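For reference, the structure is listed below as structure tokens.
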Amino acid sequence: MAAVLTSMRALFHATPAFVIDHETPADVVSREALLDRAMGADRRKKSSEKIRRNRIPAEGLALVARDRDGHVIGTVRLWNVEAGVSREGQGIDALLLGPLAVDAAHAGKGIGGALMRAALLEAKTRGHGAVVLVGDAPYYERFGFFAEKTQHLVMPGPFARERFLALELVPGWLEGAAGMVVATGRRLSQPTDRRRAA
């Protein structure tokens, strides 16, 4: 009887609609296509992209959502940055989150929220102190991101002040932080935007 019940439970147990997984090199083409569809061709002109260009995401902090067939239907990455300097003049290590995107065909399934929660938990587990991003405040406030902690920080290039948000994973991490957010992560071995010498 127990074996029959176990078989019946397995038969009716719903397979998850998606799973969160670490990004692999095989995901690159799918991820880039998803980002192009979700954010448009101008996505590479954003201030956040200037920080990410020719850099490698922070260790263990490039995540994807996969559907039941293993296809990439969501993505989020975090990047090592210095979020200005402290009052003592020391650079403040932090992470830059983005881009976060979900395939439009899978919108409304909680994929973006699941990616955010997984990324923030992993960042905290790895000992990071704070995360900054440029994004829609009403969406990101549910995860604890607010503009208050970035009021004395600036992004390279144009950005909307009200969309520049931060979350402290360690209380007080961004206390007194001021200045420019700059990339500190590892560089790609072969930059994608090489320019010819003049």
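The numbers here are math on the coordinates, done by the rules we state, and not lab data. Keep in mind it's a predicted model, so treat the numbers as computed, not measured. No Cβ is skipped: glycine too gets one built from the backbone with ideal geometry, and neighbour counts run over all protein chains shown.
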**Report entry** Under Karplus coefficients 6.51, -1.76 and 1.60, residue-wise ³J(HN,Hα) of the range 154-164 in Hz, glycine/proline x
**Finding:** 9, 9, x, x, x, 7, 8, 3, 6, 9, 8
Query - Sparsely packed trypsin sites (Lys or Arg not before Pro) within the range 22-98, loop by DSSP, other Cβ within 10 Å at most 12 - result: ARG68, ARG87
Query raised in the report: Looking at the range 16-183, what % of its DSSP beta bridges pair antiparallel, to the nearest 5?
Result: 90 percent
Requested in this report: For ALA58, enumerate residues with amide H under 5 Å from its amide H, sequence gap 5+ or separate chain, H modeled in the peptide plane.
Outcome: LEU78, TRP79, ASN80
Query raised in the report: What area, in nm² and to one decimal, does the C-alpha convex hull of the chain cast on average over all directions?
Result: 14.7 nm²
Query raised in the report: Given labels modelled 7 Å from the Cα in the Cβ direction, how far is it in nm from ALA137 to THR125?
Result: 3.3 nm
Requested in this report: Could you work out how far the C-alpha centroid of the range 96-171 sits from that of the range 57-77, in angstrom?
Outcome: 16 Å
Requested in this report: Output the DSSP H helices from the chain with an along-axis C-alpha extent of no less than 27 Å and a mean Kyte-Doolittle hydropathy no less than 0.5.
Outcome: none
Report summary line: Taking placed amide H atoms and a strict 5 Å upper bound, the residues 5 or more places from LEU153 or on another chain that come that close are GLY179
